[in-house]
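The values are calculated or read from the model by the stated rules, or taken from the named source; none is laboratory data. As the structure is a computational prediction, the values presented were derived from the model and not from experiment. Don't worry about glycine lacking a Cβ; one is built from the backbone with ideal geometry, like all the others, and counts go over all protein chains shown. Accessible surface is based on the protein model in full, side chains and every heavy atom, while ligands, DNA and RNA are left aside. Shrake-Rupley method; radii C 1.70, N 1.55, O 1.52, S 1.80 Å.
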Amino acid sequence: MILKKNNFSLIIPVYNCEKYLLQCIDSIMNQSYNKFEAIFIDDGSNDGSLKILKDYSKKDKRIKVFSQKNSGVSCARNVGIDNAKYEYILFVDSDDILNEKALEYYNFLINTHSEFDMIQTKLLRFETQLPSRLFEINFESILGNVNIKKSITKLIIANTTIKENTIFPGPVCKIYKKGILDNYNIRFVSDYFMYEDGIFNLEYLTKCKKVYSSENITYYYRNTPKSITNRYNPSYMEQRLKMIEYMKKIVAFNEIEICYFNLFIYQSIIDIMSFSIFNTKSNLNIKDKKSIFLDLHNRKEICDYLDYNFINMMPMKKRAILFLYKYKLFYALYFIYGLFKK
């Protein structure tokens, strides 16, 4: 079979990543397949990241470097999408590593499954050093069909009752089509500081007709502290409530069963209490925390849709927390969350 050589646009946001950036760049530029552009967006780094990128761009014309004031990973990825020349888009994090045959495999998949709207492969998590034995890509492996509605449902309830998702929330390990992104104006929502990648994938999946998954490992994901959800942020509660409003539209559009939306609300309540109200890093006194707790309890965004009939679908510990929340047992929750933090 003669394979058509397709072009890829790789989008790599960069922020203060000089420690790992060289490994990431080398894994991209040393691909066995060379029909691609690598779009690096420096998000206002104050270390040596931008200099590294500029030095590399002088050596290889496939490297495109954009620089912006610090605006967050979502804005950086959007700059990459807007400036991408090619139809097939992949996202890479600047501290991660691509399998040397990743693009060759992706091109093979495009040739053999041209009707796809998204293809997801597997990733391997690692700490500081890659394992000595890396996985070989099996080009003859069979792709699995993905149930799009099921994937949307699982993305909505990610981290509530299940740990595995048909489509995981992050943008890496996936082939996207720029035509779909542009035709439906799908971009990362820059005013969210949490789960913005999950929202991006939800928007994209609602426009897909054919999605495949592969068991091949094409991506090595470095376990570094990439998440900000464990830090205290006074706007966390409002952010989460905005997400509930957003999820209502997704649930209605895709005719998702109401029980799954309730699971998302349950998890939202737990996360708001964990990362906002009872966060030990906040400087709020107990009176202020109780006031915010009662405000949460009375929020129309939650009260109008919350149905405790589905609470048994949650794990036991979460059920106990939600029981205390339901009956406004603030001081019991204050004590329990204090134990969690010890």
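A few points about this structure:
- Counting only alpha carbon atoms, the long axis of helix 196-205 and the longest principal axis of the chain meet at about 70°.
- Radius ratio Rg over Rh of the chain, counting only Cα atoms, Kirkwood formula for Rh: 0.99
- Rounded to the nearest 20, the Cβ-based charge dipole of the chain about its Cα centre (Lys and Arg +1, Asp and Glu -1) stands at 600 debye.
- Compared with the direct C-alpha span, the chain from residue 317 to residue 184 gains 43.8 nm at full extension, assuming 0.36 nm per residue.
- Accessible-area rank, largest first, for 174, 101: 101, 174, with all protein chains present and a 1.4 angstrom probe.
- Average accessible surface area per residue within the stretch 64-136, 1.4 Å rolling probe, Å²: 47 Å²
- Zone residues, the stretch 28-63, relative to residue 19, backbone N less than 15 Å from point 7 Å out along Cα-to-Cβ: 46-49
- Helix-only mean residue ellipticity at 222 nm for the chain, each DSSP H run of n ≥ 4 adding -39500 (n - 2.57), per residue, nearest 500: -12500 deg cm²/dmol
- Exposed-loop-free span, longest in the chain, where GluC sites (Glu not before Pro) count as exposed if DSSP calls them loop and at most 15 other C-beta atoms lie within 10 Å: 1-114
- Acute angle (nearest 10 degrees) that the helix 18-29 long axis makes with the longest principal axis of the chain, alpha-carbon atoms: 50 degrees
- Average accessible surface area per residue within the stretch 265-342, 1.4 Å rolling probe, Å²: 57 Å²
- The Rg/Rh ratio for the stretch 202-304 is 1.07, where Rg is the radius of gyration of the alpha carbons and Rh is the Kirkwood radius.
- Modelled this way, with points 7 Å down the Cα-to-C-beta line, the labels at residue 113 and residue 68 are 3.1 nm from one another.
- Cross-link pairs beyond the 28 Å C-alpha cut-off, checked among 5/64; 64/248; 64/150: 64/248; 64/150
- Space enclosed by the convex hull of the alpha-carbon atoms of the stretch 47-191, per residue, Å³: 176 Å³
- Residue 172 - accessible surface, heavy atoms, 1.4 Å probe, Å² rounded to 10: 10 Å²
- Pairs exceeding 24 Å between alpha-carbon atoms, taken from 61/178; 174/317; 35/69; 54/177: 174/317; 35/69; 54/177.
- Rounded to the nearest 10 degrees, the angle from helix 49-59 to the longest Cα principal axis of the chain is 20 degrees.
- For the pair residue 47 and residue 86, label points projected 7 Å from Cα toward Cβ lie 2.8 nm apart.
- Pairwise centroid distance, computed over Cα atoms, of the stretch 35-88 with the stretch 231-287, Å: 33 Å
- With every protein chain in place, the stretch 219-342: carbon and sulfur % of accessible area (1.4 Å): 57 percent
- Paramagnetic reach from residue 5 (point 7 Å along Cα→Cβ, amide N under 14 Å) across the stretch 94-112: 104, 107-108
- Heavy-atom surface analysis with a 1.4 Å probe gives the stretch 82-137 a carbon and sulfur content of 42 percent of its accessible area.
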